[in-house]
Amino acid sequence: MTLLQRCEEGVMMLTLNRPEALNALTTQLLLDLAKALEEARDPTVRTVVITGAGRAFCVGQDLGEIQGKEISYKNHLQHYALVVERIRELDKPVLTAVNGVAAGAGLSLALAADLRLASSASSFTTAFSRIALVPDTGMSYFLPRLVGWSKAFDLIAFSPRLSADEALQLGLVDRVFAGETFQEEVLTLARQLAQGPTKALGLLKQALNKSATATLKEMLECEADFQEIAGRSRDHAEGMRAFLEKRTPTFTGE
Ligand code: LHQ
């Protein structure tokens, strides 16, 4: 099985499972990932975590799979695009738990998520220019938005290998945890999100997606529309009650 999938307490954990190949992406793995992200639409799932088995997070395309084959890269990238689109369109948080090295489209996958949690054992490299390719799988979209235009050029053109702390400083990842406690810390955060106001979090995600290309006026309208929806949710009513009763709210995601 190229992908391990389990769901507990509202957290769907997806583990890229080709540790012997540093979780390099094959067509099968991409199809499995796209299918799992489709299944994550089930309302019992309230947060998704993508991580890697073994010492790597993901080193991008399995270069052995395509070497010497007459494949169209353009067509092949449709499998990658589907995964990125499903991550962005899923109306609940998707975290990447970067346990080890992330390279090429493996890094792109991490960038497409809502939050990047990194182990102190992780490292990051764009990799594409080293094999004379351009960034793909959304890297040219997400990277400049996260680190700025010229830093994105720098990271892509020179492809340095960054440590977790360097990645944190650049804003490439959001939190770094010590390797020994990494899994536990990831689960704690994922559970916290899974117990959150899922409907509002999904709308927040849609708003951020839209903000990438919208004007202020469009965003003000979008916020008003989304607030109308969030304002009618059960979780909002519960949140208001809990605030006034000075207790912690119990959100159901509805
Ligand atoms: C690998 C790979 C790998 C196969 C390490 N494949 N074996 C999509 C479709 C169409 C066109 C192309 O673009 C794409 C998207 C992409 O993702 S293209 C970019 C693909 N990825 C890369 O170019 C990364 C290549 N790998 C590396 O730069 C290094 O291996 C990193 C920095 C990831 C890790 O370095 P180390 O920790 O020093 O490990 P290593 O280099 O010793 O690798 C361990 C083994 O894994 C080694 O095999 P071996 O038989 O010697 O143990 C590598 O050949 C193999 N490996 N990445 N993507």
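Worth pointing out:
- Peptide packing: for 61-74, 12-25, 217-230, 96-109, the average count of neighbouring Cβ atoms within 10 Å per residue gives the ranking 96-109, 12-25, 217-230, 61-74, highest mean first.
- Near-label residues of the stretch 195-219 by backbone N, under 16 Å of a point 7 Å along Cα→Cβ of Leu244: none
- Probing with 1.4 Å while keeping every protein chain in the model, the per residue accessible area of the stretch 1-119 equals 41 Å².
- The chain: angle of helix 149-158 to the longest principal axis, Cα-based, in degrees nearest 10: 30
- The charge dipole of the chain, taken about its Cα centre with unit charges on the Cβ of Lys, Arg, Asp and Glu (plus for the first two, minus for the last two), comes to roughly 160 debye.
- If R0 is 22 Å, the Cβ-Cβ spacing of Arg161 and Leu77 corresponds to a FRET efficiency of close to 0.35.
- Degrees, to the nearest 10: 73-89 long Cα axis against longest axis of the chain: 20
- Near Leu172: Cβ cut-off under 13 Å, other residues only, Lys/Arg at +1 and Asp/Glu at -1. The net charge is +1.
- Accessible surface of the stretch 198-244 [probe 1.4 Å, protein heavy atoms]: carbon and sulfur percent: 61
- Fraction of accessible area attributable to carbon and sulfur, the stretch 3-194 (%, probe 1.4 Å): 53
- Build a GNM of the chain with springs between Cα atoms under 10 Å apart, and of Thr188, Thr47, Thr126 the one that fluctuates most is Thr188.
- Backbone amide hydrogens, once placed in the peptide plane, bring Arg18 within less than 5 Å of Asn23, Ala53, excluding anything fewer than 5 places away on its chain.
- Of all aspartates and glutamates in the structure, those lying under 17 Å Cα to Cα from Lys246, and not within fewer than 8 positions of it along the same chain, are Asp235, Glu238.
- Solvent-accessible area per residue in the stretch 143-213 equals 59 Å², computed with a 1.4 angstrom probe and all protein chains kept.
- From most to least packed by mean Cβ count within 10 Å, the peptides 236-247, 131-142, 202-213 give 131-142, 202-213, 236-247.
- Using the average count of surrounding beta-carbon atoms within 10 Å as a protection proxy, the listed peptides 178-184, 190-196 rank, highest first, as 190-196, 178-184.
- Local electrostatic count, Leu187, Cβ distance below 10 Å [Lys/Arg +1, Asp/Glu -1]: -3
- Shape call, the stretch 98-254: gyration tensor on alpha carbons, a/c limit 1.5: oblate
- Between 0 and 90°, nearest 10: helix 216-231 axis offset from the chain longest Cα axis: 60
- Spatially proximal lysines relative to Lys35 (Cα-Cα < 19 Å; intrachain offsets below 8 disregarded): Lys92
The values are calculated or read from the model by the stated rules, or taken from the named source; none is laboratory data. All values reported here derive from a predicted model rather than from experimental measurement. Every residue, glycine as well, gets a Cβ built from its backbone with ideal geometry; the counts of neighbours run over all protein chains shown. Just the protein is used for accessible areas: all its heavy atoms, side chains included, with ligands, DNA and RNA removed. Shrake-Rupley method; radii C 1.70, N 1.55, O 1.52, S 1.80 Å.
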